[in-house]
Amino acid sequence: MKYQGKSMMNLNEMAELAIKYEGDGYVTGYPIVSGNDAYILNGVIEANEEYITINQWVPVFPESLKPISPSLTDDQQVVLEWFKNEKKDQPFATVADFVSAYFEGAESEVPLNTMVAFEYLTNKEQFQVLAAFAEWGLNSCQNGNS
């Protein structure tokens, strides 16, 4: 599972090393924790039975590590973004509107590209979108947005 953590490096250092980061220095990847030290690893350059060469090895603040939802496919992301952009007061209403539009052909504001993206999702991928939507909603509530 991927995690996100706040890098101990400053933004200039990360830019010089071509480390991808978000916001004010959060990096995403696979965590390694040893005692009071924590790192986010990204990309394997080379590996065999004797060694492994990691592309990025970023020290992070251990207390900042948090799991993130699994990476979504492009089609999943399209559907999730529509859910998030609806910003209804009732999350079930957002899902119900989508279901009504998709399965019942009801008049809606769901764009065609969102409907087409949904067509390509497996059942598992649909559940992953719902889980990501729920996680986003919970985070919004914790941040005082509702």
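The values are calculated or read from the model by the stated rules, or taken from the named source; none is laboratory data. Everything numeric here is computed off the predicted structure, so don't read it as measured data. Here the Cβ is made from the backbone with ideal geometry for all residues, glycine too, and neighbour counts use every protein chain on show.
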Only one of (1) at pLDDT below 85; (2) in contact with a Phe, Trp or Tyr (Cβ under 7 Å, 6 or more places away or on another chain); (3) not in a loop (DSSP other than H, G, I, E, B) is not met by Val110, so which one is it?
-> (3)
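Filtering region 131-146 down to residues that are of a type in the set (S, T, N, Q) and farther than 17 Å from Ala93 by Cβ, which residue is modelled with the highest pLDDT?
Within region 131-146, the subset of a type in the set (S, T, N, Q) is 139-140, 142-143, 145-146.
Okay, now just the ones that are also farther than 17 Å from Ala93 by Cβ, so 139, 142-143.
Values: Asn139: 73, Gln142: 65, Asn143: 61.
Among those residues, the one meeting the criterion is Asn139.
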Hey, any hits in region 93-115 for a residue that's under 14 Å from the mean Cα position of the chain (by Cα), farther than 18 Å from Gly5 by Cα and not assigned by TED's automatic domain parsing to the domain that holds Ala15?
-> no
The number of residues in region 66-80 that are charged (D, E, K, R), under 21 Å from Ala101 (Cβ atoms) and surrounded by fewer than 16 Cβ atoms within 10 Å (Cβ to Cβ) is 1
Residue ID - nearest to the chain's Cα centre (by Cα), chosen from residues in region 4-36 that are surrounded by fewer than 11 Cβ atoms within 10 Å (Cβ to Cβ) and in a strand (DSSP E or B) | Glu22
When you go through Glu46, Glu63 one by one, which is the residue that is acidic (Asp, Glu), touching a Ser or Thr at 6+ places or on another chain (Cβ under 7 Å) and either in a strand (DSSP E or B) or loosely packed, with under 14 Cβ neighbours inside 10 Å (or both)?
-> Glu46
Would you confirm whether any residue within region 78-86 is outside any helix (DSSP H, G or I) and either assigned by TED's automatic domain parsing to the domain that holds Glu119 or of a type outside the set (S, T, N, Q) (or both)?
-> no
